[in-house]
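The structure appears right after this line, and notes come after that.
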């Protein structure tokens, strides 16, 4: 343990080592991604398994780096039997990029590698973009209103592309992480939205609906996660400096609602309303839970 070092030194060292660790594990990941793309079809499942194994080792090493420079107590509530051989849809409130590190730490090797929707443009990000593609992160392709006004024939094509990216998840177990708020919580965003919740932004269910439409009864459970930082929400570098000593992590197990399987949520107004009501009820209870924990609205 090197937690005796000054916070800035710990933060810079952690950040450097995690970046180096990412570059290190990306190299073999690229090799198997190349083999999967250009090799024989029969080798594709084996290459996919190797890519997932590499991602798990990457997370293991990230956790070791964090533990080297700080001591953090993640108090997990509601942890039951989970399996890397099952399908999960994961909901979580989103306050900071640290949320992803905490989620990976709790769930690594307990469920399939967490995958979340990424914008198509992010595939071209240096280093990590190819890794997201190799790990089959679902791609969210979005056209602007202005673009669709000029090209109305493309209306709905963005959702079709996203749905196709979800279809492959029928073949192997997957855990799809959905930050329903669509962005990190901040007070200005909360005020701009006029959110009815004290500690949350309004949930956006497009991605969750697509997952349920595409995977249907393959989803074994919806994991509703609530993360609370009792000492205040940390920034990324602030977390690496060791300022976060405790995290509350709550897991609620929800059945996947069968009424939303294999339905076109985008074209059925009644189904859209029912789905939105289901999400709003989950979000209302989450907001009340955060309120009971004394979660203050952060700037």
Mind listing whichever residues of the stretch 113-132 are assigned to a helix (DSSP H, G or I) and touching a strand residue (DSSP E or B) at 6+ places or on another chain (Cβ under 8 Å)?
120, 123, 132
When residues of the stretch 163-182 are limited to those that are more than 22 Å from residue 84 (Cβ to Cβ) and modelled with pLDDT under 90, the one surrounded by the fewest Cβ atoms within 10 Å (Cβ to Cβ):
164
Scanning the stretch 225-244 for residues that are crowded, with 21+ Cβ neighbours inside 10 Å and at positive phi gives 242
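Could you list, in sequence order, all residues of the stretch 241-264 that are assigned to a loop (DSSP other than H, G, I, E, B), modelled with pLDDT of 90 or more and either under 18 Å from residue 279 (Cα atoms) or within 18 Å of the chain's Cα centre (by Cα) (or both)? Full working, then the answer.
Taking the stretch 241-264 as the starting set, the residues that turn out to be assigned to a loop (DSSP other than H, G, I, E, B) are 241-245, 255-257, 261-264.
If we keep only those that are modelled with pLDDT of 90 or more as well, we get 241-245, 255.
The answer is 255, and nothing else.
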Of the residues that sit in the stretch 51-68 and are without any contact (Cβ under 8 Å) to a residue 60 or more places away in the chain and under 16 Å from residue 173 (Cβ atoms), which one is farthest from the chain's Cα centre (by Cα)?
53
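Looking at the stretch 69-80, can you tell me whether even one residue there is over 24 Å from residue 251 (Cα atoms) and surrounded by 19 or more Cβ atoms within 10 Å (Cβ to Cβ)? Before you say what the answer is, go through the steps one by one.
Our first condition is that a residue be over 24 Å from residue 251 (Cα atoms); within the stretch 69-80, this holds for 69-70.
This time we only want the ones that are surrounded by 19 or more Cβ atoms within 10 Å (Cβ to Cβ), so: 69-70.
Yes: one or more hits.
From the list 106, 51, exactly one residue is surrounded by 16 or more Cβ atoms within 10 Å (Cβ to Cβ), closer than 25 Å to residue 218 by Cβ and modelled with pLDDT under 95. Which is it?
Details: 106 fails: modelled with pLDDT under 95.
Every option except 51 fails the conditions.
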Do any residues in the stretch 25-38 that are touching a residue at least 40 places away in the same chain (Cβ under 8 Å) have Cβ atoms under 6 Å from those of residues that are loosely packed, with under 15 Cβ neighbours inside 10 Å and outside any helix (DSSP H, G or I), where the two are at least six apart or on different chains, and which pairs are they?
26/127
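The values are calculated or read from the model by the stated rules, or taken from the named source; none is laboratory data. Here the structure is a predicted model, which means the values were calculated and not measured. Don't worry about glycine lacking a Cβ; one is built from the backbone with ideal geometry, like all the others, and counts go over all protein chains shown.
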